[in-house]
Amino acid sequence: MASLLDLVEVISNEEHPSWVSDSNASLKAFNAINELFAVKAKRLKDGRSTLSTLKKSEWQISISEVATNISVSRVTLGSTASYAEDLKNYIGEINQRLLDKKHCIQKTLEQTRKKGRKAHKKSELLRSNQQLRREIDELEKRQAVELLQLTIEKLPLPVRKALGFV
């Protein structure tokens, strides 16, 4: 699976889609989306511990964010421009890539978190602790009985007879 940096390189090296043109704001929007992708991908990678608390706006790209970034009206980019549908589709593709990466990172985090006591709930730990204590008590009783039998076996025969063990 490709790393986030590989995805950023692939996107930055992509040829411009057919809807991107120098004559309007589409080129600026395209470049801004790619820059935002790099920033958001880095945020996903660096924010591993807080991944579950990240707001959607912190890891996804919106049209209004792109519009603010290139100083164009959100309405122009989102609906009135001739390339608006293509721009929305492209942002959707980029957001899907970010979502896939987020799920991949979350899956990795879940696998690594399943180790240690922090992976279990308190009630599970208490139940496990009680069960282990019961097992220890049983083993101690069994060991005490075995030790007593061994001691009795090692006693001389006259002492065992006197005590009534024979």
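The values are calculated or read from the model by the stated rules, or taken from the named source; none is laboratory data. Since the model is a prediction, treat every value here as computed from it, not as a measurement. With ideal geometry, Cβ positions are generated from the backbone for all residues, glycine too; neighbour counts draw on all protein chains shown.
Would you be able to say whether some residue in segment 69-80 is in contact with a Lys or Arg (Cβ under 8 Å, 6 or more places away or on another chain) and free of Cβ contacts under 8 Å to residues at least 40 places away in the same chain? For segment 69-80, residues in contact with a Lys or Arg (Cβ under 8 Å, 6 or more places away or on another chain) and free of Cβ contacts under 8 Å to residues at least 40 places away in the same chain: present.
Each row is one residue, and each column tells you yes or no for (1) surrounded by 14 or more Cβ atoms within 10 Å (Cβ to Cβ); (2) in a helix (DSSP H, G or I); (3) not assigned by TED's automatic domain parsing to the domain that holds Ile33.
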position: Asn89; (1), (2), (3): no, yes, no
position: Leu99; (1), (2), (3): yes, yes, no
position: Gln131; (1), (2), (3): no, yes, yes
position: Arg142; (1), (2), (3): no, yes, yes
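Results for (1) over 30 Å from Ser57 (Cβ atoms); (2) among the small types (Gly, Ala, Ser); (3) modelled with pLDDT under 80, shown as yes or no for each residue.
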residue	(1), (2), (3)
Cys104	no, no, no
Leu109	no, no, yes
Arg127	yes, no, no
Ala144	yes, yes, no
Leu148	yes, no, no
Arg160	yes, no, no
Leu163	yes, no, no
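What number goes with the only condition from (1) at pLDDT 90 or above; (2) loosely packed, with under 15 Cβ neighbours inside 10 Å; (3) among the aliphatic types (A, V, I, L, M) that Val75 does not pass? Checking Val75 against (1) at pLDDT 90 or above; (2) loosely packed, with under 15 Cβ neighbours inside 10 Å; (3) among the aliphatic types (A, V, I, L, M), the one that fails is (1). The single condition from (1) out of contact with any His (no Cβ under 9 Å at 6 or more places or on another chain); (2) at pLDDT 65 or above; (3) surrounded by fewer than 18 Cβ atoms within 10 Å (Cβ to Cβ) that Ile33 fails is (3).
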